[in-house]
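*Asks:* After the structure tokens below, expect a handful of questions from me.
Rule-based calculations on the coordinates, nothing more; no lab input. Worth saying up front: this structure is predicted, and the values here are computed from it rather than measured. No Cβ is skipped: glycine too gets one built from the backbone with ideal geometry, and neighbour counts run over all protein chains shown.
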Amino acid sequence: MGYRVDNEPFRNHSWYFRNALVRANYEDVTNGVVPTTVYLERFFENLLCGACHKLKNRYLHLDWPQKKASQGVASTLQVTDQVTDQVTDQVRALLNVLGDRELSAMELMNSLGLSHRHTFRQNYLNPALKAGLIERTIPDKPTSRLQKYRRAGR
């Protein structure tokens, strides 16, 4: 396919890659842990696309945000070390697509070029909602077929 890949990235980040594989498959419903491919995507973006994501093993720890919060770091999306660079980039892309409009989840997915609903919700929509950057147009009916999203405070 035209990519030149050697073993160096795997050798230099073997522990990160191993744990990224675990996080892509690990689920603990009782504690709200869902599988995420974000960390594998970051690894492969560095490997294949020349991206410069920080591949720190501590970012894969399930309690990393809580550790940062206990050290006095504010829990907002503006603090980019608390959430991964990838999630920040994804939320930023969502906000750029959204602009000043109100769009449905499907319209947002199409604008972002995404087709997998679970990944969209997990990596784009839910982090933006949790951070208070966007809001639902029908807050009392989050699963309404008429639901749309807009920037918070509009």
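*Asks:* Order these by the 10 Å Cβ neighbour count, fewest first: V5, V91. Show your work: numbers first, answer last.
*Replies:* On the way: V5 11, V91 23.
Placing the least packed residue first, the sequence is V5, V91.
*Asks:* Now a separate question. Considering just Cα atoms, how many Å³ per residue does the convex hull of region 1-62 enclose? All intermediate terms of the calculation are to be shown ahead of the outcome.
*Replies:* Numbers: hull volume 5.2 nm³, N = 62.
Hull volume normalised by residue count: 83 Å³.
*Asks:* Which whole-Hz ³J(HN,Hα) couplings does region 26-37 yield from phi under the Karplus relation 6.51 cos²θ - 1.76 cosθ + 1.60, θ = phi - 60°, glycine and proline marked x?
*Replies:* For region 26-37, the Karplus curve yields 7, 9, 9, 4, 5, 9, x, 9, 10, x, 9, 9 Hz.
*Asks:* Okay, moving on. Taking θ = phi - 60°, what integer Hz values does the Karplus form 6.51 cos²θ - 1.76 cosθ + 1.60 yield along region 128-137, in sequence order, with x for Gly and Pro?
*Replies:* 5, 5, 4, 7, x, 7, 10, 9, 7, 7
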